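**Q** Encoded as structure tokens, here's the structure I'll be asking about.
The values are calculated or read from the model by the stated rules, or taken from the named source; none is laboratory data. This is a predicted model, so every value here is computed, not measured. Cβ placement follows ideal geometry from the backbone for every residue including glycine, while neighbour counts extend to all protein chains displayed. Note: areas computed on protein heavy atoms with side chains; ligands, DNA, RNA excluded. Shrake-Rupley method; radii C 1.70, N 1.55, O 1.52, S 1.80 Å.
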2 protein chains.
Amino acid sequence: MTTKAVYELEELFRKWPSLSEEERYATFRSLTRDQREDLFLDLSSHDQAELILAMPEHERRTYLRILPPDDAADVIQHAPEEERGKLLDLLTPAARREVRALLAYAEDEAGGVMSPRFARLRPDMTVDEAIAYLRLQGRQLETIYYAYVLDQEQHLLGVVSFRELFTAPGDAMVADIMEKDVIAVREDTDQEEVARLFSTYDLVAIPVIDDEKRIKGIVTVDDIVDVFQEEASEDMQKMGGMQALEEPYLETGFWQMLRKRAGWLSLLFVGEMLTATAMSRYEAEIAQAVVLAVFIPLIISSGGNSGSQASTLVIRAMALGEVRLRDWWRVASREILSGLGLGALLAAIGFARIVLWHALGGSYGQHFLLIASAVALSLIGVVLFGTLTGSMLPFALRGLGLDPASASAPLVATMVDVTGLIIYFNVAAFILRGALL
Amino acid sequence: MTTKAVYELEELFRKWPSLSEEERYATFRSLTRDQREDLFLDLSSHDQAELILAMPEHERRTYLRILPPDDAADVIQHAPEEERGKLLDLLTPAARREVRALLAYAEDEAGGVMSPRFARLRPDMTVDEAIAYLRLQGRQLETIYYAYVLDQEQHLLGVVSFRELFTAPGDAMVADIMEKDVIAVREDTDQEEVARLFSTYDLVAIPVIDDEKRIKGIVTVDDIVDVFQEEASEDMQKMGGMQALEEPYLETGFWQMLRKRAGWLSLLFVGEMLTATAMSRYEAEIAQAVVLAVFIPLIISSGGNSGSQASTLVIRAMALGEVRLRDWWRVASREILSGLGLGALLAAIGFARIVLWHALGGSYGQHFLLIASAVALSLIGVVLFGTLTGSMLPFALRGLGLDPASASAPLVATMVDVTGLIIYFNVAAFILRGALL
């Protein structure tokens, strides 16, 4: 077993993202013809497009033609506008027709990831006839693991898994062994929704149908594995407080990267300016008791951190379908309790820290117990508010038809900071009145 | 086509996570026998275990026995310790042996997700013999889409995709059409690594082998789809600044949820206490120029936000294998430029805000231009430091053998806050010396 060759290719495959464009093409050239094909077929469509564009014309044809039509369409979609026509012309006329049809769909819809090369059967075939028929057609199909039973007008009547077909008596009719309850999607179903169906029903392929239930193609699970990764990346990047990237990190151009980050960062900065406005109102209190300023970062960051936890939990639970819009009150009542519990914990630690610091000769003055109480009480309020804001913001965003993942840790922290300051200074004013203020 | 029934079941399936345990069992009871089986097979192993434990003994047997051995093992793993033996006893002796063997593996290793029911062939069979043999065995196998070619001692010699077998000449030898370069994993390979292989090579199944290359089972892609979701959830929860949950959000008990969150939250709080220590050193400066305190939240939050963006990008790129440990310098040099660019942007906005506010009759005093300069310069320093910390922390964690996803937005923010204060007060002391300080 020449597992060695596999591992060399795998090593190369792993190195790929960190190579420059020139290094990639040079590496590709240095391989044997077989290795080149293996590597090429395993690359993402983005990387395939890059390689193809680096090749001379006669080679482009060879590599473009070994791709199944759905992958060829992806590669062409990744090429610059002015190259697309030329690439299409390199395909065989039949493949060109298929690829053109696929290019008409948006990249993130079922229609954009489906393959038109699926196995078709008639309901009045016998099992033996069906097997013989598939055995003839097999090479050109995306998968033979499901065969779709169609009438003359291509209406989807049912599906037979190849395994059922294979283990059924040879003289049974396809119509009798097919499953009539077919889980199908429409051409414009979002790929995220398609991915959810795969995960829910443990499927290997899902047919794509039009309004009249005519079959247009199938989406196979290997196409959808990448969708899971893409969607999780998008969500994470939004949750980190930025626009989602369209390319891998190291391949995103410097200016594009800056744009993706600058938008949210500036917006958050402008929002955070409200803290300066709020603080201006408390300048008199700070002048009277400078010690109050010392605890500002501690208090507002606690609100932000607890809010970040809560928003992450809710965003992910929503993405997996574990929590729905109408569950908001169940979540809110849980989070109020969590916020109180976590706030009390931090309040206890904060109180102990101030008292201990004072005992060790710190400088919080004679009113250190009042200061400790003001900090502790504020912490409970701020953590409660942070938890509640963090958990409810994703619901509010989804309710407005926006992406809940935009409720990023930085956004929640910014919203909580201003309120945190107001809570802190009001609690302090109440507790320290007559003593320090 | 009774698509209606499918959609009803799907609706029920979506509602499932938000039902209470009693409602679930009652709903289950209200279904027809066929619907019950369909629903049961589609549930996660966690939910299957819950239902089985709610059933009377004679029914438990039926439902446990319709599960393939790898799924039965998962269900038993989700049951409380004291129930596991009783559940094992409900299986047929053959299934019990298989499930026991699987239970010996950790749940997140290849051995823990593999199925022992794979298709086996001998190298000296003809294609027609192999097809006939599979046609007999098919019903009991996890998948027939790949058949593994073994010698007498179960050593893995090669693999034949069923499709190749099916479309090859009937009298060819299996040994001649099999692929000898088999991508395989070991029993203790982490499931995250297995998932990466599926995604890289677009596979439907991967064989699991021991040290002597004897085959132990296969992992199929439908088992691994859930792994993608699990791993992404874990990463996101860590990135939100907490321990990953083991169950869906609404099913995690209140106290367990609190524990998962309290640990990190307290740790971050204790870390953030350093800000209070740092601030104590600048009490004199604040007393002299209270206006300095006004911009503290604005400045430190900008460091935290830019750090959160950078750490999210790097963590996700690492998880997808786009960035590796030795790429740290490429990332660092990019991020230094990004930090300077983003810092300059925020500095410009901040400067404009202070000057504008003053022009509109705000209260920053005669030295407003100096204050604006101090804030702007600090912002460049803080954003640069935040970006660099956020992008390098995941490298440091991975270098130490820890999970880079622990470089959460809150952790980065906490690390950046103290430094942000020090930068701010030193810049301010330098610029305002002789004027305000």
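**Q** Which condition number in (1) away from every other protein chain (no Cβ under 11 Å); (2) touching a Ser or Thr at 6+ places or on another chain (Cβ under 9 Å); (3) over 24 Å from A:Asp202 (Cα atoms) is the one that B:Val208 fails?
**A** For B:Val208, the failing item is (3).
**Q** Here's another thing I want to ask about it. Which of the residues that make up the stretch B:62-82 are farther than 19 Å from B:Asp38 by Cβ and open to solvent by 10 Å² or more (accessible area, probe 1.4 Å)?
**A** B:Gln77, B:His78, B:Pro80, B:Glu81, B:Glu82
**Q** For residues that are closer than 26 Å to A:Thr62 by Cα, among the polar types (S, T, N, Q), in contact (Cβ under 8 Å) with a residue 24 or more places away in the chain and open to solvent by 20 Å² or more (accessible area, probe 1.4 Å), tally how many sit in the stretch A:83-141.
**A** 1
**Q** For the stretch B:30-43: of the residues being assigned to a loop (DSSP other than H, G, I, E, B) and open to solvent by 50 Å² or more (accessible area, probe 1.4 Å), which is farthest from B:Glu246 (Cα to Cα)?
**A** B:Thr32
**Q** If A:Thr27 meets every condition in (1) among the hydroxyl-bearing types (Ser, Thr, Tyr); (2) modelled with pLDDT of 85 or more; (3) open to solvent by 40 Å² or more (accessible area, probe 1.4 Å) apart from one, which number is that one?
**A** It is condition (3) that A:Thr27 fails.
**Q** Going by the conditions given, is A:His46 in a helix (DSSP H, G or I), in contact with a helix residue (DSSP H, G or I) (Cβ under 6 Å, 6 or more places away or on another chain) and at pLDDT below 85?
**A** yes
**Q** Hey, can you tell me all the residues within the stretch B:1-24 that are modelled with pLDDT of 75 or more and over 28 Å from the mean Cα position of the chain (by Cα)?
**A** Within the stretch B:1-24, B:Glu22, B:Glu23 meet the criteria.
**Q** Working only within the stretch A:239-252, note down all residues that are crowded, with 19+ Cβ neighbours inside 10 Å and under 24 Å from A:Ala407 (Cβ atoms).
**A** A:Met239, A:Gly240, A:Gly241, A:Met242, A:Leu245, A:Tyr249
**Q** Could you check, for the stretch A:130-151, whether at least one of its residues is more than 12 Å from chain B (Cβ to nearest Cβ) and more than 23 Å from A:Ile206 (Cβ to Cβ)?
**A** No, the stretch A:130-151 has no match at all.
**Q** Can you confirm whether the stretch A:253-271 contains a residue that is open to solvent by 10 Å² or more (accessible area, probe 1.4 Å), of a type in the set (A, V, I, L, M, F, W, C), touching a residue at least 12 places away in the same chain (Cβ under 8 Å) and within 23 Å of A:Asp190 (Cα to Cα)?
**A** Within the stretch A:253-271, the subset open to solvent by 10 Å² or more (accessible area, probe 1.4 Å) is A:253-256, A:258-260, A:262-264, A:266-267, A:270-271.
Now restrict to residues that are of a type in the set (A, V, I, L, M, F, W, C): A:254-255, A:258, A:262, A:264, A:267, A:270.
Now drop any that are not touching a residue at least 12 places away in the same chain (Cβ under 8 Å), which leaves A:264.
Narrowing the set further to residues that are within 23 Å of A:Asp190 (Cα to Cα) leaves none.
No.
**Q** Which one of A:Ser391, A:Ser408 is within 12 Å of chain B (Cβ to nearest Cβ), under 36 Å from the mean Cα position of the chain (by Cα) and either within 24 Å of B:Ile299 (Cβ to Cβ) or surrounded by fewer than 21 Cβ atoms within 10 Å (Cβ to Cβ) (or both)?
**A** Details: A:Ser391 fails: either within 24 Å of B:Ile299 (Cβ to Cβ) or surrounded by fewer than 21 Cβ atoms within 10 Å (Cβ to Cβ) (or both).
It is A:Ser408.
**Q** Just name the residue that is nearest to the chain's Cα centre (by Cα) out of those in the stretch B:190-205 that are closer than 13 Å to B:Glu109 by Cα and of a type in the set (A, V, I, L, M, F, W, C).
**A** B:Ala195
**Q** Something else: Restricting the search to the stretch B:311-335, which residues are touching a Lys or Arg at 6+ places or on another chain (Cβ under 7 Å) and open to solvent by 30 Å² or more (accessible area, probe 1.4 Å)? Can you show your working first?
**A** In the first step, residues of the stretch B:311-335 are kept if they are touching a Lys or Arg at 6+ places or on another chain (Cβ under 7 Å); the result is B:318, B:321, B:325.
B:Leu325 - this is the single residue of the stretch B:311-335 that is touching a Lys or Arg at 6+ places or on another chain (Cβ under 7 Å) and open to solvent by 30 Å² or more (accessible area, probe 1.4 Å).
**Q** Restricting attention to the stretch A:354-372, report how many residues are within 17 Å of A:Val294 (Cβ to Cβ) and open to solvent by 30 Å² or more (accessible area, probe 1.4 Å).
**A** 13
**Q** Right, A:Ser338: polar (S, T, N, Q) and either in contact with a Ser or Thr (Cβ under 6 Å, 6 or more places away or on another chain) or open to solvent by less than 10 Å² (accessible area, probe 1.4 Å) (or both) or not?
**A** yes
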